[in-house]
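Participant: The structure under discussion is supplied below as structure tokens; questions concerning it will follow.
The values are calculated or read from the model by the stated rules, or taken from the named source; none is laboratory data. Quick caveat: nothing in here was measured; it's all calculated off a predicted structure. Here Cβ is always computed from backbone atoms with ideal geometry, including for glycine, and neighbour counts include all displayed protein chains.
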Amino acid sequence: MSKFQARLRAGVLTLGALAFLFPFYYMVIGSLQASPDPTIAGAFPNPANLTVQNYIAINERINLLTGLVNSGIFTGGVLLGTLTFALLTGYSLAQLQWRGRGTVFALALLVQVVPFQLLMIPLYVLIARDYGLGDTHLGMILPFAINSTAVIIFRQYFLQLPKELFEAARIDGASELALLWRIALPLVRPAFITVVLLTFIGPWNEFLWPFLITKDAALQPLAVSLANYITTVAASASNPFGATLAGAVVLAAPVVTLFILTQRYFISTDIGSGVKG
Amino acid sequence: MSLTNAVPAPSGSAPPSPPPASGTARGPKKRPLLGRNPLGIMFSAPYLVFVMLVFAYPLVYSIWIAFHDFFFTAPGVQVERPFVGLENFVTAFSDPAVIRSFGNVGIFLLINVPLTVVLSLLLATALNKATRARTFLRVSYYVPYVTASVAVVAVWIFLFNGNGLVNQVLGPLAPDPSWLINSTWAMPTIAFFVTWKQLGFYILLYLAALQGVPKELYESASTDGAGAVRSFFSVTVPGVRPATVLVLLVSTVTGANLFTEPYLLTNGGGPNGASASPVLLMYQLGLQQGQPDVASAIGVVLVVLVLGVALLQNRFAGGRD
């Protein structure tokens, strides 16, 4: 490995990283511009052209707080369902011997390749029409309630724990739930954080399903209300770009913050093993 | 549970044991009906119910809808939904817009999939060897993947607008009409957007796969006089083949699911349907125009095509595993 090659690699990687980050930087800059400046000079902050007016403008149109609360309920419901039931399933697949566990594991893998486009129409018919759950948080949460990738990640982690640990506690008379709560859970904390992050980004960023199921603006997650703003309202605003980008910053900020805080748990091998099964 | 097993075990272990024992010992000896920890079934039951309710049943229902005359009714109203054979498929594919949307997604995949595989493998290889600023680099590449499409779409509209920054930099080279309203460039621009947005995830997969390539292979390649380029092609590429198969599959399925980007970036598949995707048409035909049966037929065809493409990819890239 020559020095030249190492330099070249560092250069390419840095250049690539900047290309990946630039749109985010531009999102923030654009959201703070009093009048949109698409020229090259506009990519640098100009004190004469800075304002927070765009944040006020977008808030008047789509009520950011309601959107954030709805996104929070949607994401929170999915997290609750996944952390409870995916954990139980992952544990029982890895550490308990019972008939049919191979089948359940195969199902968890299979579910990952079922394309949502085929489920869109029947799920809409079932949830919005038959069950009458249109325009409810429950209807929004239901199709995402248990994340199958989380089931697989939990199983993978629990498999690494020695079986003897559990056998010993069982002989001491601990119940299965106590085993899970007192022994298994503290040992899989890294998996827990990985799953929280991975599950969080799903519903928080999801657009198609909540868009189909919510017509009532007071129930829409932020991704849906912002998209509606982009497609319909933006044309009538005085600074549509500034307001849209301000909404985009508010939508992106929670996930990006969570990601930066937990990125050291977002390690390639964990997720890789989770996805590969 | 373990206690009930443990007690009869000693008596059952003597091969053709006396007649009285065989009656009671039969169960435990053969393994209990539900396994050693039947509680596992209870722990997994909620997930199993969920999969049945949200995946298995809708999957079957979707195929049923595609072959029947299905329309929306008020809740609780019972109507006849006669079997119509392939009629919905004929209706769907007599519509030139539907055919065009399949062509569009073909263009999308031809750009997106190869670009994704090449870029993510190259970047993951470089990232794997990088020694400095690893955290910064990793975060930069993953951030688009963790961010909502709706949020980053807003910036791309701003960037690729008629007098947006991209055209300002390109000057006279900028296409006219601009990217997203140009019928030639709309679909490729969406393909570039999705490649950029999803690349972090595939880099992650390749980084995981690279940990599994034995270091000794690189060492013996270099003692044989292979340079960096040579060892990339003869050690890295074959070493990560299973990951490549996965990247091909996932990026193809993601591409076939395309909806948000044409809906928002090109204002509903414009210009003139040049960037409409099948899923976008399923939404428009099925839910906006009330023809869920025709939309389901499109969905079934799309999934069959995706499966076909995935099988072909597996043939070419998969090798024996």
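Participant: If you check B:VAL240, B:VAL213, B:VAL235, B:VAL247, which single one turns out to be within 16 Å of the chain's Cα centre (by Cα) and in contact (Cβ under 8 Å) with a residue 12 or more places away in the chain?
Facilitator: B:VAL247
Participant: Then there's this: For the list (1) closer than 23 Å to A:ALA10 by Cβ; (2) free of Cβ contacts under 8 Å to residues at least 60 places away in the same chain; (3) among the small types (Gly, Ala, Ser), I need the number of the one condition that B:GLY171 fails.
Facilitator: Condition (1) is where B:GLY171 drops out.
Participant: For the stretch B:304-312, indicate whether the set of residues that are facing chain A (nearest Cβ under 7 Å), under 26 Å from B:ALA186 (Cα atoms), touching a helix residue (DSSP H, G or I) at 6+ places or on another chain (Cβ under 9 Å) and at pLDDT below 90 is non-empty.
Facilitator: Scanning the stretch B:304-312, I find at least one residue that is facing chain A (nearest Cβ under 7 Å), under 26 Å from B:ALA186 (Cα atoms), touching a helix residue (DSSP H, G or I) at 6+ places or on another chain (Cβ under 9 Å) and at pLDDT below 90, so the answer is yes.
Participant: While we're on this one: Just to check your reading of the model, which residue among A:THR232, A:THR257 is without any contact (Cβ under 8 Å) to a residue 40 or more places away in the chain, closer than 21 Å to A:THR82 by Cβ and not hydrophobic (A, V, I, L, M, F, W, C)?
Facilitator: Among A:THR232, A:THR257, only A:THR257 is without any contact (Cβ under 8 Å) to a residue 40 or more places away in the chain, closer than 21 Å to A:THR82 by Cβ and not hydrophobic (A, V, I, L, M, F, W, C).
Participant: Could you look through the stretch A:47-83, keep only residues that are of a type in the set (Ser, Thr, Tyr) and buried (at least 21 other Cβ atoms within 10 Å of the Cβ), and pick out the one that is nearest to A:VAL224 (Cα to Cα)?
Facilitator: A:SER71
Participant: For residues that are closer than 23 Å to B:VAL303 by Cα and touching a helix residue (DSSP H, G or I) at 6+ places or on another chain (Cβ under 8 Å), tally how many sit in the stretch B:71-83.
Facilitator: Residues meeting the conditions: 1.
Rundown of residues vs (1) out of contact with any helix residue (DSSP H, G or I) (no Cβ under 7 Å at 6 or more places or on another chain); (2) under 14 Å from B:PRO46 (Cα atoms); (3) facing another protein chain (nearest Cβ under 7 Å); (4) touching a residue at least 24 places away in the same chain (Cβ under 8 Å), yes/no style:
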{"site": "A:GLY76", "(1), (2), (3), (4)": "yes, no, no, no"}
{"site": "A:THR82", "(1), (2), (3), (4)": "no, yes, no, yes"}
{"site": "A:SER92", "(1), (2), (3), (4)": "no, yes, yes, no"}
{"site": "A:GLN95", "(1), (2), (3), (4)": "no, no, no, yes"}
{"site": "A:ARG99", "(1), (2), (3), (4)": "yes, no, yes, no"}
{"site": "A:PHE116", "(1), (2), (3), (4)": "yes, no, yes, yes"}
{"site": "A:MET120", "(1), (2), (3), (4)": "no, no, yes, yes"}
{"site": "A:HIS137", "(1), (2), (3), (4)": "no, no, no, yes"}
{"site": "A:ILE141", "(1), (2), (3), (4)": "no, no, no, yes"}
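Participant: What is the residue count in the stretch A:206-228 for residues that are facing another protein chain (nearest Cβ under 10 Å) and closer than 16 Å to A:ILE146 by Cα?
Facilitator: 1
Participant: Tell me which residues, restricted to the stretch B:171-224, are in a helix (DSSP H, G or I), under 24 Å from A:SER2 (Cβ atoms) and either more than 10 Å from chain A (Cβ to nearest Cβ) or touching a Lys or Arg at 6+ places or on another chain (Cβ under 7 Å) (or both).
Facilitator: B:LYS215, B:GLU216, B:LEU217, B:TYR218, B:GLU219, B:SER220, B:ALA221, B:THR223
Participant: Given the conditions (1) over 30 Å from A:GLY30 (Cβ atoms); (2) surrounded by fewer than 17 Cβ atoms within 10 Å (Cβ to Cβ); (3) of a type in the set (Ser, Thr, Tyr), which single one is not true for B:SER183?
Facilitator: (1)
Participant: Further question on the same structure: I'd like to know if the stretch A:17-39 contains one or more residues that are within 8 Å of chain B (Cβ to nearest Cβ), over 20 Å from B:ALA151 (Cβ atoms) and surrounded by fewer than 20 Cβ atoms within 10 Å (Cβ to Cβ).
Facilitator: Among the residues of the stretch A:17-39, at least one is within 8 Å of chain B (Cβ to nearest Cβ), over 20 Å from B:ALA151 (Cβ atoms) and surrounded by fewer than 20 Cβ atoms within 10 Å (Cβ to Cβ), which makes the answer yes.
Participant: A:THR199 - would you say it is facing chain B (nearest Cβ under 9 Å), of a type in the set (Ser, Thr, Tyr), in contact (Cβ under 8 Å) with a residue 24 or more places away in the chain and buried (at least 23 other Cβ atoms within 10 Å of the Cβ)?
Facilitator: For A:THR199, the condition - facing chain B (nearest Cβ under 9 Å), of a type in the set (Ser, Thr, Tyr), in contact (Cβ under 8 Å) with a residue 24 or more places away in the chain and buried (at least 23 other Cβ atoms within 10 Å of the Cβ) - is not met.
Participant: OK, next. Restricting to the stretch A:206-240, count the residues that are surrounded by fewer than 24 Cβ atoms within 10 Å (Cβ to Cβ) and under 29 Å from A:LEU50 (Cβ atoms).
Facilitator: Going through the stretch A:206-240 one residue at a time, the tally reaches 13.
Participant: Related question: State all residues of the stretch A:95-134 that are under 30 Å from A:ALA168 (Cβ atoms) and among the β-branched types (Val, Ile, Thr); if no residue qualifies, say none.
Facilitator: Within the stretch A:95-134, A:THR103, A:VAL104 meet the criteria.
Participant: I've got another one for you. How many of the residues making up the stretch B:64-94 are within 14 Å of another protein chain (Cβ to nearest Cβ) and either assigned to a helix (DSSP H, G or I) or hydroxyl-bearing (Ser, Thr, Tyr) (or both)?
Facilitator: 6
Participant: Go through the stretch B:227-252 and count every residue that is hydrophobic (A, V, I, L, M, F, W, C), over 30 Å from A:PRO115 (Cβ atoms) and away from every other protein chain (no Cβ under 12 Å).
Facilitator: Residues in the stretch B:227-252 being hydrophobic (A, V, I, L, M, F, W, C), over 30 Å from A:PRO115 (Cβ atoms) and away from every other protein chain (no Cβ under 12 Å): 2 in total.
Participant: Moving to a separate point now. Can you confirm whether the stretch A:43-50 contains a residue that is out of contact with any Cys (no Cβ under 7 Å at 6 or more places or on another chain) and at the interface with chain B (Cβ under 10 Å from one of its Cβ atoms)?
Facilitator: Looking through the stretch A:43-50, at least one residue is out of contact with any Cys (no Cβ under 7 Å at 6 or more places or on another chain) and at the interface with chain B (Cβ under 10 Å from one of its Cβ atoms).
Participant: Looking at (1) part of a helix (DSSP H, G or I); (2) closer than 21 Å to B:SER275 by Cα; (3) within 12 Å of chain A (Cβ to nearest Cβ); (4) not charged (D, E, K, R), can you tell me which one B:PHE136 breaks?
Facilitator: So B:PHE136 meets the others, but not (2).
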